[in-house]
1. For the range 309-335: of the residues being among the hydroxyl-bearing types (Ser, Thr, Tyr) and within 25 Å of Ser361 (Cα to Cα), which is surrounded by the most Cβ atoms within 10 Å (Cβ to Cβ)?
2. Here is a list: Leu164, Leu255, Leu244, Leu221. Which entry is closer than 30 Å to Ser279 by Cβ and within 20 Å of the chain's Cα centre (by Cα)?
3. Working only within the range 543-553, note down all residues that are in contact (Cβ under 8 Å) with a residue 60 or more places away in the chain, farther than 15 Å from Lys304 by Cβ and surrounded by fewer than 23 Cβ atoms within 10 Å (Cβ to Cβ).
4. Tell me which of these Asn256 doesn't satisfy, since it passes every other one: (1) closer than 23 Å to Val413 by Cα; (2) not in a loop (DSSP other than H, G, I, E, B).
5. Filter the range 259-269 down to residues that are in contact with a strand residue (DSSP E or B) (Cβ under 8 Å, 6 or more places away or on another chain), in a loop (DSSP other than H, G, I, E, B) and more than 11 Å from Phe414 (Cβ to Cβ), then give me how many there are.
6. Which residue, of Ile243, Ile217, Ile156, is out of contact with any Phe, Trp or Tyr (no Cβ under 6 Å at 6 or more places or on another chain), surrounded by fewer than 17 Cβ atoms within 10 Å (Cβ to Cβ) and not in a loop (DSSP other than H, G, I, E, B)?
7. Could you please find all residues in the range 555-571 being charged (D, E, K, R) and touching a helix residue (DSSP H, G or I) at 6+ places or on another chain (Cβ under 9 Å)?
8. Considering each residue of the range 277-289, count those that are modelled with pLDDT of 95 or more and either in a helix (DSSP H, G or I) or surrounded by fewer than 22 Cβ atoms within 10 Å (Cβ to Cβ) (or both), and give that number.
Amino acid sequence: MEYAKETPSSLVLQSLWYGLKMDLSMAAYLTTLVCVFVIAALFIPFFRKTWAYLIYTGIILFIQMLLIITDVESFKTWGTRIDSTPLKFLSSPKEAWASISHLPLVLIFIGLIVIYLFVFWIFRKTISRSIVLLENNKYRFVQALLVLLFIGALIIPIRGGFQLSPLNQSSVFFCNNQYANNAAVNASWNLMFSAIQMNQLNKNLYQYMKNEEVDTIVNPLFEAEGKFEQVIIDSNSARPNVILIIWESFTEKVLNKSIDGEPVIKFFPELIKEGIYFSNCYSSGDRTDKGIGAIISSYPALPKGSIVNYPEKTAKLQGLGKIFSDNGYATQFYYGGEPEFMNIKSYLNGQKFQQLITKESFKDAEMNSKWGAHDDAVMKKLVNDIPQMRQPFFTGWLTLSSHEPFETPVPTVFNGNDKETKFLNSLHYTDSVVYSFINELKKMPSWENTIVIISADHGHYLPVTGKRADDYRIPILWLGGALKKQNVVIDKTVDQLDMAGSLAQQLHFKTEPFSFGKNVFDSTSKHWAFFTYNDGIGFVTDSSRTLFDNAGKRIVFEEGKSAKEHERIAKALMQKVYSDFLKR
């Protein structure tokens, strides 16, 4: 009730509208089996019996009502909608009873039965009047075809519409108020979604050794003396603005690549001369959702998923969005595509971004990419918006043009219709857009008090080098008028996970440290990086790179010395990460 009191009634009403697509999705799932019954009824008399539909309706209705009641109590207890968590209690009856024994179970049960009987009576009347329609099967083959077409059409509400990404929690999240967002979620749909994923959450799939041994291996990796260089100008008058550019699929492999004398990345090397460049950095994973969680929350990618996909877990994550917001910054995040993709919107809302500027903010003419608005359209909006932003501000921008299918709104530079050439053309295009953006920033009075951080969300397997570890090596660059140094290249091995904590410490924010990151500006910090891919782990140092395949239980790539020792370190890190994930 406390959540409801603090939430404007207008938001509660909006949650009904935004949640409708999830309600329709669940209804479509439940309707599918009824449609199968109807087709069967055209040929088998048994399925024309009223009681067959009454039994199905009675079972489904009882389950739905029980879920609604359980969901209410679940939200009161945990502040989250019902998911697979209560199912874990079924194997522990004592703990299950302890969790519900304080409730007025008798009154709840009586209320459930009364409402159930009333609603079932309404359904019974409706079914009894409609069953006669199944008797007329003169054109049963035509009727069966029509019902089959209807079943096919149900895929539209099931996946939530015609958009690229299928329905998920982010699809119904619409504001920064978590109660209103939660109210839009359909309880049954959420439980079903969570139950499907439950097998990945209820045990550590990467249990290699005793936890004490893990701590012995992992803890020294993060040891440092805490003496770091201040690279951002300290100002007593104003805190610096921060712009974070997350560049889709920007792999380090393309920086020195040319085709017929034309560099793939033409302008970024010029920007390197203006800032601090990390030349030996590795992404945490291989997907956008993994990269966003790694950059903003310094949370490692999982081999088969991302914590961003689990709103109940990301709500507890530390992150730059929360930190900047809590320190009085105006916070915005720009993305020209669908924010629901991979549950990114729910994560950004949880990170307290006060504004999400997504595809709805652009004109139809600007939606000229399969994913949404191309990078130049988003860049122009950013340039237009920044002068009006309250300072200090923290602004994120996730690019999209260099995502498959690698479309560009301008003529291509490199000839060829193969996948690699398209990819390189898309990077060439975004490179020019980012460069133009930086040049526009320099014209603004706020430039002298601004830091820009450019980081890939992840690397890419193209261009192929024959060394899989190269696929995770990414460029990261700090620049801006508030930066003390220029034309500095840091070639020690660092991790994408290191950036959030390093930035927070540069700005002297009082916050708990990011437990999976290091301070890249601390000369005493260890030089290493850790990443994951589909059921695999990578560990990198200044002199070696090791990839371990968990499914095959073997090293699949090694470069340098100490592969066996680094395999042990990678396993310990993976076990530590997954244990932490399960606890959240």
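1. This residue is Tyr335.
2. Working: Leu164 fails: closer than 30 Å to Ser279 by Cβ; Leu255 fails: within 20 Å of the chain's Cα centre (by Cα); Leu221 fails: within 20 Å of the chain's Cα centre (by Cα).
Just one listed residue meets the conditions, Leu244.
3. none
4. (2)
5. 0
6. Numbers: Ile243 fails: surrounded by fewer than 17 Cβ atoms within 10 Å (Cβ to Cβ); Ile217 fails: surrounded by fewer than 17 Cβ atoms within 10 Å (Cβ to Cβ).
Sole residue among the options that is out of contact with any Phe, Trp or Tyr (no Cβ under 6 Å at 6 or more places or on another chain), surrounded by fewer than 17 Cβ atoms within 10 Å (Cβ to Cβ) and not in a loop (DSSP other than H, G, I, E, B): Ile156.
7. Of the range 555-571, the ones charged (D, E, K, R) are 558-559, 561, 564-565, 567-568, 571.
Once the filter is applied, which keeps residues that are charged (D, E, K, R) and touching a helix residue (DSSP H, G or I) at 6+ places or on another chain (Cβ under 9 Å), the range 555-571 yields Glu558, Glu559, Arg568, Lys571.
8. 2
The values are calculated or read from the model by the stated rules, or taken from the named source; none is laboratory data. Here the structure is a predicted model, which means the values were calculated and not measured. Neighbour counts run over all protein chains shown; Cβ positions are idealised from the backbone, glycine included. With ligands, DNA and RNA removed, areas are computed over all heavy atoms of the protein, side chains included. Shrake-Rupley method; radii C 1.70, N 1.55, O 1.52, S 1.80 Å.
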